[in-house]
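Below: the structure, in structure tokens.
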Amino acid sequence: MIDSTILVIDDDTIVRESIVTYLKGSGFKILEAENGQEGLLIFREHTPDLILCDLRMPKMDGLTMLTQVRSESSDIPFIVVSGAGVMTDVVEALHLGASDFLVKPIIDLEVLEYAINRALEKAQLLMENKRYRDSLEEAINSLKSSLTLLQEDQKAGRQVQMNMLPRRPLEYKGFKVDHNIIPSLFLSGDFVDYFALNEYSFAFYLADVSGHGASSAFVTVLLKHMSISLLQDYHSHGGKVRVKPSHVLNYINRSLLKTGLGKHVTVFGGIVNTRDQTLTYSFGGHFPLPIIAEGDDVHFLEGKGLPVGLFEDAVYEDAVIDLPQQFTLTILSDGILEVLPQKSLKEKEAYLLSVIREGADTVETLTEKLGVNGIQEAPDDIAMLILARN
């Protein structure tokens, strides 16, 4: 927490100067005052990052100074310094909002530095949490408004869904993610999302909500809300918490069960680590299996897992694969199986493999080769998501 500005207030010149000298040597910027009245003026003029204040001083004591500071700023850390014989003042100071207290004489100034750093770190964390809470509240309010529109007007609801989807393909350090959704009705129960997590990884998923229409579309709003909440929580921890797709599926499973909506979701989600060149993925009952293509080698990506939102004791697992220099990963919702002309499931799967083997490596070409471009009244929603590096 160096470079932070500390306001030191103490009427004892020798004590104040020793503290100031030590803190300057530790890299802090220092303001100083010899009483609360002078300190209050400096506080209002310079807005320091932390105040270190003696309790017993002439003109304006530390408690009065603390009361005034708290009336003007509830966030700034305020550490009080007190003699051993006035602990009742310390208790009063803590009640008034002091961050910490130290007892004179301060023999080891490293203890003082530790207390300052701890108070600054706590204040910074509280500030970040408040900022993320405000951001999350804004996002939730936006989603609530979207939900109202979804319930009131089908056309507006369709626009809401389109606005929740990624606006453009994600291009990230040589990788590209793109999608297409073809609803069977005006509103879709299929949903995709993808977004950067940090400077070296990004996440994506394709979800297929059971049923059709407004009730299923409502769950897609919940899914977007959950992904926003998880992303905000991730960033509130400084992006240091390791994210696993299986943990996300567990969270969504619990959340959907709590809603009591009677809806479940099949989902495939993954995280690409561009530093390690790996894909970590997890299945939530998704079918058909994703298809990975590397040149002429085209095959289904193996995995299993229960649908999300059905079973309280469902367990989801992660799998990790190394990513080739050139590849495509194609994920389709089961609505595609309803429109393929082949009769058996085995024939339909073989056809999907052949289409991708023949070069359907973008959303546009895949949509065209599967014959779903401009399809009218599909029996089920169709969603496709392609992750590629080529």
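The values are calculated or read from the model by the stated rules, or taken from the named source; none is laboratory data. Model, not experiment: these values are computed from the prediction. Glycine also receives a Cβ, built like all others from the backbone with ideal geometry; neighbour counts cover every protein chain displayed. Heavy atoms of the whole protein, side chains included, go into the accessibility calculation; ligands, DNA and RNA do not. Shrake-Rupley method; radii C 1.70, N 1.55, O 1.52, S 1.80 Å.
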Distribution output for segment 254-390: share of Cα-Cα pairs per 10 Å bin in percent, first bin at 0, values 11, 38, 34, 16, 1
Between the modelled labels at Gln326 and Lys304 (7 Å from Cα along Cα→Cβ) the distance in nm is 3.6
The percentage of the accessible area of the chain (probe 1.4 Å, all protein chains present) made up of carbon and sulfur atoms, to the nearest whole number, is 51
For the chain, the longest principal axis of the Cα atoms and the Cα long axis of helix 154-164 enclose an angle in degrees, to the nearest 10, of 60
With the dipole of the chain defined by +1 on each Lys or Arg Cβ and -1 on each Asp or Glu Cβ, the option from Val103, Val265, Ala293 whose Cα lies farthest towards the positive pole is Val265
Length gained if Thr5 through Phe311 is fully extended, taking 0.36 nm per residue and subtracting the Cα-Cα distance, is 104.8 nm
In this structure, the FRET efficiency calculated for Glu294 and Glu128 from their beta-carbon separation, with R0 = 45 Å, to the nearest 0.05, is 0.60
Extension length gain for Glu137 and Met226 (0.36 nm per residue less Cα distance), in nm, is 30.8 nm
For Cα extents along the principal axes in Å, with candidates (i) 56, 45, 39; (ii) 92, 47, 38; (iii) 73, 51, 32, the value calculated from the shown model is option (ii)
Relative contact order of segment 1-76 (C-alpha contacts under 8 Å, at least 6 apart) in percent is 35
Once the dipole of segment 270-347 is set up from charges on Cβ (+1 Lys and Arg, -1 Asp and Glu), the residue from the list Leu323, Ser344, Tyr281 lying farthest towards its positive end is Ser344
Label model pair Leu165, Ala319: point-to-point distance (7 angstrom along the Cα→beta-carbon line) in nm is 2.7
Between the Cα axis of helix 213-236 and the main Cα principal axis of the chain, the angle (0 to 90°, nearest 10) is 40
Given unit charges at Cβ for Lys, Arg (+) and Asp, Glu (-), the dipole magnitude of the chain about its Cα centre in debye, nearest 20, is 700
Under the helix-only model (-39500 (n - 2.57) for each DSSP H run of 4 or more, divided by the residues of the chain), the mean residue ellipticity at 222 nm, to 500 deg cm²/dmol, is -13500 deg cm²/dmol
For the table Lys348/Lys369; Lys130/Lys224; Lys122/Lys244; Lys304/Lys348, the rows whose alpha-carbon distance is greater than 18 Å are Lys130/Lys224; Lys122/Lys244; Lys304/Lys348
Looking only at aspartates and glutamates whose Cα falls under 20 Å of Lys173's and that sit 8 or more positions away or on another chain, we get Asp193, Glu199, Asp276, Glu294, Asp322, Asp361
Taking Cα pairs closer than 8 Å and at least 6 residues apart, the relative contact order of the chain in percent is 13
Treating only Lys and Arg (+1) and Asp and Glu (-1) as charged, each at its beta carbon, one finds that segment 1-78 has a dipole about its Cα centre, in Debye to the nearest 20, of 80
Quick note, segment 2-53: a/c under 1.5 would make it rounded; otherwise a/b > b/c is prolate and the rest oblate (a ≥ b ≥ c, C-alpha gyration tensor); here it is oblate
